[in-house]
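Below is one structure, written out as C-alpha cells, with a few remarks after it.
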Amino acid sequence: MSEETRCAFAHPLARAEALAGPEPRDRISLRDHIVEVEIGAFQAERGVTQRLSFNVVVEVVPLSGEIDDDVDRILSYDRVTEAIAAELAAERLNLLETLAERIADRILTEPQACKVFVRIEKLDRGPGALGVEIVRVGAAQGPGDLSAPTAERPQIIYLSNAAITAPHLPGWLDQLETADAPLVFCVGLPDDERPKAGQTQAQRRIDLLAIEQNAWLLAARAPRLEVVSSRTELDWAMKNGQSVVWAPSRIVLDAVDGPEVTPNNAPALAAWFAKNANAVGLLVIGAEAPDAGEVPVTVSPAETEVLPR
C-alpha cells in the first residue's frame, strides 16, 4: 500500500500530520464518536435511524504563554461534540457532505481553530463503513476574549445567608427549575469572621475565597447544584441544564473590565455578573435590590415560600 493510499484511509490525525506546513500547529482530536440519527437521501433511510461515526481533528493556533492548567485557555473538546449535536439537531439532512461542511463551518467559528478535518461514516448501510472526509481552513484569531460572556442567557439568583439556611430552599429550587433559562446562583460572604490582611488586594482575594466557601455550603445543602468557577464550566452547565453556584474568584480576577464593587457588597457583585453574563433577570432573595443596569431585578424576602414569577 502506497503512502498516499495509507494516509487516505488513516485517521484524520494522520492526514493532518501529512499536510502540516512549516509552522507547528497544536491539534485536538475526537475519535469514533458514534451518534444514532435519521439521515440519507434514499427512501429506505427515511423514518429510521442509523449510526454515524465522527472523527474530527482541529488544528489550533498555539497559545502564547503558559497554559497554567486552565481550561479557559484551550479549545474545549465539548465545542467539537456540541458542533456535531447542533448540526444534527438543526434539520434532517440527505447528504453526509452537507453535514460535514456545516460541522466544519461551526468549528471554524471558534477563535483558536485554523483548520479542521472531518470524517463521517455510515456504519449500517453496507458491509463496511461508507463515508466522506473534508478539510477546511478558517481564519483563526487566537484564544479570543476570555472574559467574554457566554452566549446562553441565564437567570441569576442571589441568596442571602438567611436564604441559604431557609427551610424553603428545596421548594424554591423546584419553582425556579421550571423556568426556561439556565440557573446560576450567587452567594455572599459568610457570617463567620474572616482574616484581616491589612492590604486591599490581599483582602479582596480572601473575601472572594470566603464567598466560594459559602458557595460550597449552599451546594452541600442543595446537592443538585454544582459549584463552577470557569467560563468553560459555566457554559457547559448552562447548555446541559445543570443548575450551578458561581464561585467568583477566577472570573472576577481574570476580567478585563472587572467589577468596581468589593466582595463585601455581594448583591452588587451578583448584579455585575448578571450584566456580564447578559442574564435574563436577577432575583435577589433576602437582600436589597442592587443596580443591575438593563437586567431586570426582582426582590423577595427570605421568609417567603412562593417566589415571584
### Query
Is there a residue being acidic (Asp, Glu), in a loop (DSSP other than H, G, I, E, B) and more than 25 Å from the chain's Cα centre (by Cα) anywhere in the range 251-272?
yes
### Task
Kindly provide the set of residues from the range 261-292 that are free of Cβ contacts under 8 Å to residues at least 40 places away in the same chain and of a type in the set (S, T, N, Q), ordered by number.
Asn265
### Query
Mind checking whether some residue in the range 274-286 is assigned by TED's automatic domain parsing to the domain that holds Trp172 and touching a Gly at 6+ places or on another chain (Cβ under 7 Å)?
yes
### Query
Restricting attention to the range 222-244, which residues are of a type in the set (D, E, K, R) and within 19 Å of Asn161 (Cα to Cα)?
Arg224, Glu226
### Task
Pick out the one residue from Val261, Val227, Val184 that is touching a helix residue (DSSP H, G or I) at 6+ places or on another chain (Cβ under 9 Å), β-branched (Val, Ile, Thr) and within 18 Å of Leu283 (Cβ to Cβ).
Val184
### Message
When you scan the range 114-126, do you find a residue that is assigned to a loop (DSSP other than H, G, I, E, B), surrounded by fewer than 18 Cβ atoms within 10 Å (Cβ to Cβ), modelled with pLDDT under 90 and not assigned by TED's automatic domain parsing to the domain that holds Asn240, even just one?
### Response
yes
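Every residue, every condition in (1) modelled with pLDDT under 95; (2) part of a helix (DSSP H, G or I); (3) hydroxyl-bearing (Ser, Thr, Tyr), yes or no:
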site: Pro143; (1), (2), (3): yes, no, no
site: Glu152; (1), (2), (3): yes, no, no
site: Cys186; (1), (2), (3): no, no, no
site: Asp192; (1), (2), (3): yes, no, no
site: Ala197; (1), (2), (3): yes, no, no
site: Asp235; (1), (2), (3): yes, yes, no
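In the range 40-62, which residues are in a loop (DSSP other than H, G, I, E, B) and either aliphatic (A, V, I, L, M) or over 29 Å from the mean Cα position of the chain (by Cα) (or both)?
Let us first name the residues in the range 40-62 that are in a loop (DSSP other than H, G, I, E, B), namely 40-42, 46-49, 61-62.
If the condition is that a residue be in a loop (DSSP other than H, G, I, E, B) and either aliphatic (A, V, I, L, M) or over 29 Å from the mean Cα position of the chain (by Cα) (or both), then Gly40, Ala41, Phe42, Arg46, Gly47, Val48, Val61 are the ones that fit.
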### Task
Starting from residues that are aliphatic (A, V, I, L, M) and free of Cβ contacts under 8 Å to residues at least 24 places away in the same chain, keep the ones in the range 203-222 and report whichever is surrounded by the fewest Cβ atoms within 10 Å (Cβ to Cβ).
Ala220
### Query
Can you spot a residue in the range 238-246 that is out of contact with any Gly (no Cβ under 8 Å at 6 or more places or on another chain), charged (D, E, K, R) and in contact (Cβ under 8 Å) with a residue 60 or more places away in the chain?
yes
### Message
With the requirement that a residue be touching a Lys or Arg at 6+ places or on another chain (Cβ under 6 Å) and either closer than 12 Å to Phe185 by Cα or not in a helix (DSSP H, G or I) (or both), what does the range 205-229 give you?
### Response
Ser229
### Task
Residue by residue through the range 263-302, note down the ones that are surrounded by fewer than 15 Cβ atoms within 10 Å (Cβ to Cβ) and within 27 Å of Gln199 (Cα to Cα).
Asn264
### Query
If you check Gln199 against the conditions, is it surrounded by fewer than 17 Cβ atoms within 10 Å (Cβ to Cβ) and in contact (Cβ under 8 Å) with a residue 12 or more places away in the chain?
no
#### Entry: Check on Leu225, of a type outside the set (D, E, K, R) and crowded, with 17+ Cβ neighbours inside 10 Å
yes
### Query
Can you find a residue in the range 284-307 that is within 20 Å of the chain's Cα centre (by Cα), in a loop (DSSP other than H, G, I, E, B) and more than 21 Å from Asn161 (Cβ to Cβ)?
no
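The values are calculated or read from the model by the stated rules, or taken from the named source; none is laboratory data. Nothing here was measured: the structure is a model prediction, and the numbers come from that model. Here the Cβ is made from the backbone with ideal geometry for all residues, glycine too, and neighbour counts use every protein chain on show.
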